Every structure is written in structure tokens, then in C-alpha cells.
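Asks: I am attaching a structure below and will ask some questions about it afterwards.
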Amino acid sequence: MTDFLRNLFHGVLDKIAGSLISLGVNPNTVTLIGLMGNFLAGYIISSGRLGLGGLCVLIMGPVDAVDGALARLAGKETHFGAFFDSVADRYSELAIFFGLLIYGIRTEYDLLLIWTFLAAAGSVLVSYVRARAEAVGAKSKIGILTRVERYLVIVPALILNQPLVGLIVIGLLANLTALQRIWDVRKQLMD
């Protein structure tokens, strides 16, 4: 899904990136703006304004996509930039889940707390399994709920004030994706 959306919006992203290049904006600055925007979204969510938080997450999605296009077009692709973007993505996602945890604590919504933990754990493990696979010489990008799909689940769930539904979907399918990747890596390394 990530590659499909990147190809679909390639022209738009390149135009935005071109404008940012003319302004002298650094790709890592865009990454940092996206990270701060998701921390703001987490704060808004924690205060119980789920719809507004969901809109903030929705706005930050394209910001996250622009930094890579900006780096590519400006000839500023670096190993650190790729690393920073990946780490910022994890922090961004966890900021949203943290906002949901605080919201769950404030409203004494125990079921929300459990599913927030499971969704956060699955989300982190999807990325961790891929990184560890690459560290041992395997590749594993497979799975039914990668980062883009997780955002496509959580944003409408927040906007429609149904966070538990989104968290259950992410909690189940992100952990299943991590298990799919583990199995895939096992096949690669054991064959």
C-alpha cells in the first residue's frame, strides 16, 4: 500500500518538495515538523478531542511523505536522514498511542488501555522485525498492516470517535503482521 500511494501521489509530492527546495528547507526539518505535529496530535487526543486529533494525524501524513521526496529531489539523501525518518516514524506513532493511553486513563476506559498497549506493541514489532531481519541479511516487508495501513485505520477511528474499533483492528492485525514477518524471515534463514 505504501508504494501504491507513493506512486499515486508522486507528482504532487514532487511539486511540494520542489517548492520547499526553492525555500531552502532541509528534509530533516520536514521530518522534525511531522514528528512535532504528531506529538501535538497525541496531546489533543489525550485531552479527549479525538476528532481534532485525528485530523491533525491526517494532516501530518503527507508531511511525512514529503521529506523523502525532498531529500531525493534535492540530492540530500543520507543514511542519517533515512535513519532519522524511521525513528521519527516510530516516535510519531507512539505519540498517538500515548495520547490514547492518557485518554483511556482519564476516562477510566480499561478496555481502551489494553487495546492501546496491544496496538502499540504490534506496531513497534512490525518495524522491529523488519529491522532485525535486515541486520541478519534477510528482507521482510510483507504483512497486512504496515505503517500506512495502520494510519488508514486509526485516522477514521479517531475522527469518527471510535478509537476502540481502530485499536482492536491494529492490535490484532499489526501483531499478525509481525508474526507473518517472523515466519517469512524464518523461511529465508532456515532454507
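Asks: Within segment 23-46, can you find the residues that are hydroxyl-bearing (Ser, Thr, Tyr) and in contact (Cβ under 8 Å) with a residue 24 or more places away in the chain?
Replies: Matches in segment 23-46: THR31, TYR43, SER46.
Asks: Output the residues belonging to segment 50-64 that are in contact (Cβ under 8 Å) with a residue 24 or more places away in the chain and out of contact with any Pro (no Cβ under 7 Å at 6 or more places or on another chain).
Replies: Residues of segment 50-64 in contact (Cβ under 8 Å) with a residue 24 or more places away in the chain: 50-51, 53-55, 57-58, 60-64.
Selection gives GLY51, GLY53, GLY54, LEU55, VAL57, LEU58, MET60, GLY61, PRO62, VAL63, ASP64.
Asks: Consider segment 122-131. How many of its residues are more than 13 Å from VAL169 (Cα to Cα) and surrounded by 15 or more Cβ atoms within 10 Å (Cβ to Cβ)? Can you show your working first?
Replies: Keep residues of segment 122-131 that are more than 13 Å from VAL169 (Cα to Cα), which gives 124-131.
Pick out the ones that are also surrounded by 15 or more Cβ atoms within 10 Å (Cβ to Cβ) and you get 124-127, 129-130.
Matching residues across segment 122-131 total 6.
Asks: Of the residues GLY53, GLY48, GLY104, only one is surrounded by fewer than 17 Cβ atoms within 10 Å (Cβ to Cβ), modelled with pLDDT of 95 or more and of a type in the set (Gly, Ala, Ser); which? If you could, list the steps in order and put the result at the bottom.
Replies: Details: GLY53 fails: surrounded by fewer than 17 Cβ atoms within 10 Å (Cβ to Cβ); GLY104 fails: surrounded by fewer than 17 Cβ atoms within 10 Å (Cβ to Cβ).
Of GLY53, GLY48, GLY104, the one residue that is surrounded by fewer than 17 Cβ atoms within 10 Å (Cβ to Cβ), modelled with pLDDT of 95 or more and of a type in the set (Gly, Ala, Ser) is GLY48.
Asks: Checking PRO156 against (1) under 15 Å from the mean Cα position of the chain (by Cα); (2) exposed (fewer than 15 other Cβ atoms within 10 Å of the Cβ); (3) free of Cβ contacts under 8 Å to residues at least 24 places away in the same chain, only one condition comes out false. Which one?
Replies: (3)
Asks: Residue check, GLY171 against (1) surrounded by fewer than 19 Cβ atoms within 10 Å (Cβ to Cβ); (2) farther than 28 Å from ALA71 by Cα; (3) under 17 Å from the mean Cα position of the chain (by Cα), all met but one. Which one?
Replies: (1)
Asks: Applying the selection to segment 83-109, what residues are under 10 Å from the mean Cα position of the chain (by Cα) and polar (S, T, N, Q)?
Replies: Across segment 83-109, the qualifying residues are SER86, SER92.
Asks: For residues that are closer than 17 Å to TYR103 by Cα, among the hydroxyl-bearing types (Ser, Thr, Tyr) and in a helix (DSSP H, G or I), tally how many sit in segment 29-80.
Replies: Going residue by residue through segment 29-80, those that are closer than 17 Å to TYR103 by Cα are 38-57.
Still in the list and also among the hydroxyl-bearing types (Ser, Thr, Tyr): 43, 46-47.
Now drop any that are not in a helix (DSSP H, G or I), which leaves 43, 46.
The total comes to 2.
The values are calculated or read from the model by the stated rules, or taken from the named source; none is laboratory data. Quantities reported herein were computed from a predicted structural model and do not represent experimental measurements. Reconstructed Cβ throughout: ideal geometry from the backbone, glycine too, with neighbour counts over all protein chains shown.
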